[in-house]
Amino acid sequence: MTEKRTSENHQYKLVRCRINGAERETMVDVRASLTDMLRNDYSLTSVKKGCEVGECGACNVLIDGECFNSCIYLAVWADGKDILTLEGLMGPDGKLSDIQQAFIDEAAVQCGFCTPGVIMSAVEILENAEKTGREYTRGELRKLLSGHLCRCTGYENILNAVEKTMKKRLAKKAGK
Amino acid sequence: MYDIKALYEAQSVADAIRLLREHPRAQIIAGGSDVLVQIREGKRAGVELVSIFSLDELRGVNLEEDGTLRIGSLTSFSHITKDPLIQKYINVLGEAVDQVGGPQIRNIGTIGGNTCNGVTSADSASTLFAWDAVIELTGPEGVRKIPIKDFYIRAGKVDLHPSEIQTGILIRRESYEGYAGHYIKYAMRNAMDIATLGCSINVKLSDDKKKFVDIRIAYGVAGPVPMRAVHAEAYGKGLPVSGETIRKIGDTVSEDIMPRDSWRASRAFREHISKVLCQRALTEAVRRAGGTVPDDLSGEMGGAAL
Ligand code: FES
Ligand code: FES
């Protein structure tokens, strides 16, 4: 483990990981959460600080394909992991992904604070649906999205956006 | 930033034990969904941590040669639910841990952490009690295995010696073979909530499915630690599978449980739902074991969804 201590006796560790497709490395204070690292060291401000105790999902990111609340995940644990944040969904030409566009079309965004976290959960859900060819029911989608609090939308439009994108992707897959 | 004085990352089980011996005041952190939240609340200011998070050797479910199901202590709830061996042999455990917190919590939360907290409301604990799980602990003196009911000492206190870590949870073949079970969590919300009461039951029926050969009834939040309803179990063993038996077993549960008043629910309410959940979980367990319960009762039991 590459480690050092600063004059204030803070403990640091070198964390190497892949973030949104690029290999990155930086020295991280062991007291930092993954939210701290993504926001402060990599300026990935889609990762929001909401409750910071794992209740609201505003800080949700994908790690090796699964959703985690980055506020209760130590930054040093990210060593060797593959991390995806909302910024990583953008196409090379700056285009929005289908699920982001669906959130706009369905008016599933109001203040937008919860949105990046919810969309990252949607990404995991949609990938699982595509992988297994399984169309989730509305009830199942509710359960899969239950780790997010939204103070604005009342959730209906969020569910509509995820459901419609799922159906589109499954139809596209079946068409091929 | 978390108020952490020092973090020691274990590279192996042996290394974790060494670190815990070197730093006797250090606390173990596994997935962190409890420990980190407590640090945020200021409860463990300036804590030293030994992280076992990276010990992949403690992840996953295996079937050992003698048929024992071995669950690595760091296996996450979502991986337990998805695991083919769990689905085949003790699916009810997968269903129970699928009711913990929300999806992100189920990806980080570990079954070892859930049991080492010593919390009565842990969704995994009552089901593990119901399956007679054995806890495997590894420490400086080697490995010890103890029944889960002996692992829980009192609220918040488990039998984990200094410098010891929980490395696995074992379910022996004789504990699961021929049994079918059901878990019901009663909580105010469907997600991100802690159980007001949890009831996990499994049964073994006679070959003709007419008699209870064995019944195991376990509760969370019906007492300071998870518990078995031993009187109710003994009462029901050998009796015919019928609505009458199920109703009476539920009535007997009050001899075993000792719930308390809390802001979540009163003692009287918990006593009431202990009985009702027992009857409902038992009815479903019987159905899953291939038995039938007369319609009058399944109607009564299956009525209003909890
Ligand atoms: S900020 Fe992480 S869950 Fe709320
Ligand atoms: S859009 Fe405001 S919190 Fe969800």
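The values are calculated or read from the model by the stated rules, or taken from the named source; none is laboratory data. Remember, predicted model here, so these are calculated numbers, not experimental data. Here the Cβ positions follow ideal geometry from the backbone for every residue, glycine too, while neighbour counts run over all protein chains shown. SASA here: full protein model, heavy atoms, side chains in, ligands and nucleic acids out. Shrake-Rupley method; radii C 1.70, N 1.55, O 1.52, S 1.80 Å.
Quick grid of which residues meet (1) within 9 Å of another protein chain (Cβ to nearest Cβ); (2) open to solvent by 30 Å² or more (accessible area, probe 1.4 Å); (3) farther than 11 Å from residue B:165 by Cβ:
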site	(1), (2), (3)
B:9	yes, no, yes
B:14	no, yes, no
B:17	no, no, no
B:25	no, yes, yes
B:30	no, no, no
B:37	yes, no, yes
B:42	no, yes, yes
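Among the residues in region B:2-23, are any polar (S, T, N, Q) and part of a strand (DSSP E or B)? Step through it out loud before you land on a result.
Within region B:2-23, the subset polar (S, T, N, Q) is B:11-12.
Applying the additional criterion that residues be part of a strand (DSSP E or B) yields none.
Taking every residue of region B:2-23 in turn, none turns out to be polar (S, T, N, Q) and part of a strand (DSSP E or B).
How many residues are without any contact (Cβ under 8 Å) to a residue 60 or more places away in the chain and within 14 Å of ligand 2 (Cβ to nearest atom) when one looks only at region A:114-130?
Let us first name the residues in region A:114-130 that are without any contact (Cβ under 8 Å) to a residue 60 or more places away in the chain, namely A:115, A:119, A:122, A:125-126, A:128-130.
Retained after the next criterion (residues that are within 14 Å of ligand 2 (Cβ to nearest atom)): A:115, A:119, A:122.
Selection size over region A:114-130: 3.
Go through (1) without any contact (Cβ under 8 Å) to a residue 40 or more places away in the chain; (2) open to solvent by less than 20 Å² (accessible area, probe 1.4 Å); (3) of a type in the set (Val, Ile, Thr) for residue B:110 and report which single condition fails.
With (1) without any contact (Cβ under 8 Å) to a residue 40 or more places away in the chain; (2) open to solvent by less than 20 Å² (accessible area, probe 1.4 Å); (3) of a type in the set (Val, Ile, Thr) applied to residue B:110, the lone miss is (1).
Checking residue B:43 against (1) at pLDDT below 95; (2) closer than 20 Å to residue A:70 by Cβ, which test does it fail?
(2)
In region A:91-105, is there at least one residue being farther than 23 Å from residue A:172 by Cα, surrounded by fewer than 15 Cβ atoms within 10 Å (Cβ to Cβ), within 14 Å of ligand 2 (Cβ to nearest atom) and more than 10 Å from chain B (Cβ to nearest Cβ)?
Checking region A:91-105: not a single residue is farther than 23 Å from residue A:172 by Cα, surrounded by fewer than 15 Cβ atoms within 10 Å (Cβ to Cβ), within 14 Å of ligand 2 (Cβ to nearest atom) and more than 10 Å from chain B (Cβ to nearest Cβ).
Can you name the residue in region A:46-81 that is among the aliphatic types (A, V, I, L, M) and not in a loop (DSSP other than H, G, I, E, B) and, of all such residues, is nearest to ligand 2 (Cβ to nearest atom)?
If we filter region A:46-81 for residues that are among the aliphatic types (A, V, I, L, M), which is where we start, we get A:47, A:53, A:58, A:61-63, A:72, A:74-76, A:78.
Now narrow it down to the ones that are not in a loop (DSSP other than H, G, I, E, B): A:61-63, A:72, A:74-76, A:78.
Numbers: A:61: 17, A:62: 19, A:63: 23, A:72: 19, A:74: 26, A:75: 25, A:76: 30, A:78: 26 Å.
So the residue we want is A:61.
Select, from B:172, B:216, the only residue that is open to solvent by less than 20 Å² (accessible area, probe 1.4 Å) and charged (D, E, K, R). Before the answer, list the steps.
Values: B:172 fails: open to solvent by less than 20 Å² (accessible area, probe 1.4 Å).
Unique residue meeting the criteria: B:216.
On the basis of being closer than 20 Å to residue A:105 by Cβ, away from every other protein chain (no Cβ under 14 Å) and more than 16 Å from ligand 1 (Cβ to nearest atom), does residue A:133 make the cut? Spell out how you get there, then give the answer.
Values: closer than 20 Å to residue A:105 by Cβ: no; away from every other protein chain (no Cβ under 14 Å): yes; more than 16 Å from ligand 1 (Cβ to nearest atom): yes.
Answer is no for this residue.
So which pairs qualify, if the first residue must be in region A:140-166 and within 14 Å of chain B (Cβ to nearest Cβ) and more than 14 Å from residue B:102 (Cβ to Cβ), the second must be more than 9 Å from ligand 2 (Cβ to nearest atom) and among the polar types (S, T, N, Q), the Cβ gap must be under 9 Å, and the two must be at least 6 apart or on different chains?
A:162/A:121
Please state which one of A:154, A:133 is surrounded by fewer than 13 Cβ atoms within 10 Å (Cβ to Cβ), away from ligand 2 (no atom under 16 Å from the Cβ) and not assigned by TED's automatic domain parsing to the domain that holds residue A:69. Spell out how you get there, then give the answer.
Values: A:154 fails: away from ligand 2 (no atom under 16 Å from the Cβ).
Just a single option satisfies the conditions, and that option is A:133.
What's the number of the condition residue A:126 fails, among (1) loosely packed, with under 13 Cβ neighbours inside 10 Å; (2) away from ligand 1 (no atom under 16 Å from the Cβ); (3) closer than 21 Å to residue B:191 by Cα; (4) not β-branched (Val, Ile, Thr)?
Condition not satisfied by residue A:126: (1).
Exactly one condition in (1) hydrophobic (A, V, I, L, M, F, W, C); (2) under 23 Å from residue A:155 (Cα atoms); (3) within 16 Å of ligand 1 (Cβ to nearest atom) is not met by residue A:77; state its number.
(2)
Among the residues of region A:55-74, what is the count of those that are in contact (Cβ under 8 Å) with a residue 24 or more places away in the chain and more than 16 Å from ligand 1 (Cβ to nearest atom)?
Of the residues in that region, 1 qualify.
For region B:62-97, name all the residues that are open to solvent by 20 Å² or more (accessible area, probe 1.4 Å), of a type in the set (A, V, I, L, M) and assigned to a strand (DSSP E or B).
Listed by number, the list holds a single entry, B:63.
Could you identify the single residue in A:25, A:52, A:87 that is away from ligand 1 (no atom under 16 Å from the Cβ), without any contact (Cβ under 8 Å) to a residue 60 or more places away in the chain and open to solvent by 10 Å² or more (accessible area, probe 1.4 Å)? If you could, list the steps in order and put the result at the bottom.
Numbers: A:52 fails: away from ligand 1 (no atom under 16 Å from the Cβ); A:87 fails: without any contact (Cβ under 8 Å) to a residue 60 or more places away in the chain.
Answer to the selection: A:25.
Mind counting the residues in region B:21-77 that are among the acidic types (Asp, Glu) and touching a His at 6+ places or on another chain (Cβ under 9 Å)?
Within region B:21-77, the first condition is being among the acidic types (Asp, Glu), and the residues that meet it are B:22, B:34, B:41, B:48, B:56-57, B:64-66.
Imposing the further condition that a residue be touching a His at 6+ places or on another chain (Cβ under 9 Å) reduces the set to B:48.
Of the residues in region B:21-77, 1 are among the acidic types (Asp, Glu) and touching a His at 6+ places or on another chain (Cβ under 9 Å).
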